[in-house]
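What follows is one structure encoded as structure tokens, with my remarks underneath.
We did not get these values from a lab; they are worked out from the coordinates using the rules stated. Predicted, not measured: the structure shown is a model, and the values here were computed from it. Please note: Cβ atoms are built from the backbone with ideal geometry, for glycine as well, and neighbour counts cover all protein chains shown.
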Amino acid sequence: MAETQKRIWDLPVRLTHWGLVISFFGAFFTSEGILLPLHVPFAFMLMTLAIFRVFWGLFGSETARFSQFVRGYGAIKAYAAELKQLRHKSYWGHNPLGAVAILSILSGIFVVVIAGLYAQGGDLVGPMADTVQRQTSRLLTNIHIIIANLVMAIVVGHIFAVFAYKYVLKDNLITPMITGTRPANADQPEPRFTPLPVAVILLVVAASISSLAFGYWGLI
Ligand code: HEM
Ligand code: HEM
């Protein structure tokens with residue numbers, strides 16, 4: 001059947017993705033040294049985008065919705081078995097294993113940021129650290145560091161996976177995450193896209209929630 005380029009990812013999904021890349025690596029690599037003052041601002045951006053992505057997964061465009069791409073254990077197992085034989089069905093949206101990575105990354109980000117709010121080190125004190133006992137803060141600092149490294153390991157696996165799709169399975173997922181379009185059969189229906197102003201409103205709500213958590217509200 002003839003193939004044409006069709007829109008798969010809307011602008012909010014793509015901007016959120018590349019914003020997550022910048023803010024995650026940004027927060028991770030400023031956790032020590034002279035760039036430490038940027039650790040919390042990057043984390044604020046990360047938290048805002050992660051909250052926004054959850055909203056977009058509930059109210060956003062069809063291909064962004066959790067209900068569209070989160071599948072049960074059976075589907076994940078069947079897909080993994082296909083992959084083992086180096087064949088896979090190309091999904092119009094995230095595949096079942098990708099969905100597991102996405103949920104792990106997003107939930108890991110929430111644990112890291114929330115624990116970070118209560119963390120403290122020599123040169124950096126989380127905005128909520130004073131509200132808990134010293135011992136609790138110490139425990140949350142350890143959780144913060146361990147889970148941040150665990151999320152980094154999952155992210156490295158995620159990046160490795162998308163390159164394996166490109167070079168081993170010959171399925172380029174990266175270009176669509178930049179341009180928003182990918183080759184499709186002529187009979188592939190256009191997904192339903194949620195209007196951009198809805199994204200702007202949800203982003204403002206997400207930024208307000210993060211501002212409250214980070215104590216920025218009091219500064220305005
Ligand atoms: C609420 C936002 C955050 C706050 C307030 C915060 C605060 C802190 C504090 C107080 C420390 C301990 C520093 C020390 O031991 O001297 C720390 C370490 C660390 N943070 Fe965060 N953090 C936040 C977000 C993040 C995020 C989003 C990431 C990852 C993307 C991250 C990754 C790390 C890592 C890897 C370390 C360990 C650094 C080391 O090896 O000593 N943090 N953070
Ligand atoms: C340069 C490094 C990265 C590349 C090349 C990359 C590439 C991709 C690609 C191609 C997809 C779409 C997969 C598909 O078609 O199913 C994707 C999805 C995703 N990636 Fe990455 N990624 C990178 C880094 C990251 C980082 C650092 C994070 C988070 C900390 C992240 C989180 C996600 C999430 C949450 C999705 C789902 C997108 C959505 O539906 O909103 N990625 N990534």
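Projecting label points 7 angstrom from Cα along Cα→Cβ for Val162 and Ser90 puts them 1.8 nm apart. Build a GNM of the chain with springs between Cα atoms under 10 Å apart, and of Gly26, Gly108, Gly122 the one that fluctuates most is Gly122.
Remark on region 73-195: ratio of C-alpha radius of gyration to 2.2 N^0.38 Å is 1.44. A DSSP coil position with no more than 15 other Cβ atoms inside 10 Å describes the following trypsin sites (Lys or Arg not before Pro) in region 1-99: Arg87, Lys89. In a DSSP loop and with at most 10 other Cβ atoms within 10 Å, there are no chymotrypsin sites (Phe, Trp or Tyr not before Pro) in region 163-220. Most fluctuating residue of Leu97, Leu86, Leu140 in a GNM of the chain with Cα springs under 10 Å: which is it? Sorting by GNM fluctuation, first place goes to Leu86.
Less than 5 angstrom separates the built amide H of Lys6 from those of Arg182, Ala184, all sequence-distant by 5 or more or on a different chain. Calculated on the Cα set of region 3-219, radius of gyration then Dmax: 19.0, 61 Å. For region 39-119, the alpha-carbon coordinates run over 44, 26, 18 Å along the three principal axes, in decreasing order.
A DSSP coil position with no more than 16 other Cβ atoms inside 10 Å describes the following chymotrypsin sites (Phe, Trp or Tyr not before Pro) in region 17-69: Phe29.
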